[in-house]
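Only the coordinates and a few stated rules stand behind these numbers; no lab work does. Quick caveat, the model's predicted, so the values are computed rather than measured. Note that we place each Cβ from the backbone using ideal geometry, even for glycine, and neighbour counts take in every protein chain shown.
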Amino acid sequence: MQENAIRRDDMGSVECLEALRNQHKDLEAKLAALDRHLSLTAQEQAERARLKKEKLAVKDRIQLLLPRPPAA
């Protein structure tokens, strides 16, 4: 029974990881679109900073879900 619970948790983690990767990709695309502008308004600069912070937070969450190698 415990084995089934672990498998369900793993599937949830896999789905969550995939969702986070998609979110990271979307944020990257939005940043790329802003970076194509020759200059940014103050609002666009603030949006760019917010997107970069959010992208980094998503990356951190992805790292937490990835398997870690055993300690030596």
(request) Tell me the label-point distance for the pair residue 52, residue 17, using the 7 Å Cα-to-Cβ offset, in nm and rounded to one decimal. (result) 2.9
(request) Would you order 17, 64 from fewest to most other beta-carbon atoms within 10 Å of each residue's own beta-carbon? (result) 64, 17
